[in-house]
Amino acid sequence: MTDNPRARRGRPTQADVARAAGVSQTAVSYILNGKQQTTISDATRRRVLEVIDELGYVPDLTARSLRSRRTMTIGAIIPDITNPFFPEFIRGIQDVAQTAAYDVITYNTDGQRAHELNAVDAARRGRVDGLIMSTYQLTTADLAPTVAQAVPMVLLGEPDDLPLPADAPFDRVYVPGDDGAYAVTRHLVTRGHRRIATIVGSQHLANGERRVAGYRRALEEHGLAFDGSLLRWGDWSESSGFAGMNGLLTVSPRPTAVFAANDLMAVGAMLAAKAAGLRIPADIAIAGYDNVALAHLVMPPLTTLDQHPRQIGNAAARLLLDRLTGGYDGASRTHRAAFDLVIRESA
């Protein structure tokens, strides 16, 4: 019968595991860290893992971080946890991080500069080993001290967002917002619509401007003039989609289709159209952007663009872990993520 240290004292240690399994503490350490050693047989490995389970041994991550100067934690900075895109994005990060025994701390900033700066400062203070960031307010100068400390970072943003030195330890993951907006608008054109409006969030943010650019490109390529009265700015929220649609319904002639630059605004637009007694899509077609979970639950189900946020999170985490684990220490990399148009009954 295995001697159980928990019957004698508190939390079992790595030395207790070694003693109970009849192996050296070094062997236990190799097995816990997943290192392959030809001197450690499969039978020994199984025995150690059985003893770990029997004793309820849990590695002391605090001690490990003191030895390695690592926290084994990734910081994920996002602007709005209530936006359904971001929980899926975080889940994608966690899927990859946990395979390397990394934890993930999420910093919700509400898109406020002070909160974004505080979250980045957590990395400079050594609370996390690296950052995956979706920020609204930060500048290149804001990130300069973090770059100087060689803190690995992955930016969720397009190549011209937050320019940083090419030799800094950072990478990018992005979906081209103009191409996505172009794809949705082009679909509406091919469905026969000529009065196509758009509701876009945050006029002063690059992602909003890019989606307007893609919308305009699709119109112009199909011989349709841009009409400023058919553009409404919001803030990415359902309420701004509702307000934007109410404004568009006062335009004469009324638009026959609306592209909302995210699904929350699209849902708000649908509610406003229904409140005005309009049928979707018979009286007005509506399309969104993101393909969040509620997109197929609303009535009618929403035509939208799927950015695959979980896959984007996967890609960001893999890039960051490459740097954290020593797999890569070269120049900045850029990962262009794929998207798909999802056609449903709303358009």
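The values are calculated or read from the model by the stated rules, or taken from the named source; none is laboratory data. Small disclaimer: the values here were computed from a predicted structure and weren't measured. Here the Cβ is made from the backbone with ideal geometry for all residues, glycine too, and neighbour counts use every protein chain on show.
Numbers below:
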quantity	calculated
Wholly enclosed helices (runs of 4 or more DSSP H) of the range 229-347 bearing at least 3 residues under 18 Å from Phe86 (Cα atoms) and either at pLDDT 95 or above or touching a strand residue (DSSP E or B) at 6+ places or on another chain (Cβ under 6 Å) (or both)	263-275, 309-324
Residue tally, condition under 22 Å from Gly277 (Cβ atoms) and crowded, with 22+ Cβ neighbours inside 10 Å, over the range 205-237	1
Failed item in (1) closer than 30 Å to Ala218 by Cα; (2) touching a strand residue (DSSP E or B) at 6+ places or on another chain (Cβ under 8 Å); (3) touching a residue at least 40 places away in the same chain (Cβ under 8 Å), with Val189 passing the rest	(3)
Test: Leu271 is in contact with a helix residue (DSSP H, G or I) (Cβ under 6 Å, 6 or more places away or on another chain) and in the same structural domain as Arg186 (by TED's automatic domain parsing)	yes
Filter result for Val267 (in contact with a Ser or Thr (Cβ under 6 Å, 6 or more places away or on another chain) and either of a type in the set (A, V, I, L, M, F, W, C) or surrounded by fewer than 18 Cβ atoms within 10 Å (Cβ to Cβ) (or both))	no
Looking only at the range 123-156, and only at residues there that are touching a strand residue (DSSP E or B) at 6+ places or on another chain (Cβ under 6 Å) and of a type in the set (Gly, Ala, Ser), the one that is nearest to Thr325 (Cα to Cα)	Gly130
Selection count where residues are modelled with pLDDT under 90 and of a type in the set (Asp, Glu), scope the range 113-159	2
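Here's the yes/no breakdown for (1) at pLDDT 60 or above; (2) assigned to a loop (DSSP other than H, G, I, E, B); (3) of a type outside the set (A, V, I, L, M, F, W, C):
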| residue | (1), (2), (3) |
| --- | --- |
| Ala27 | yes, no, no |
| Ile31 | yes, no, no |
| Gln37 | no, yes, yes |
| Thr62 | no, no, yes |
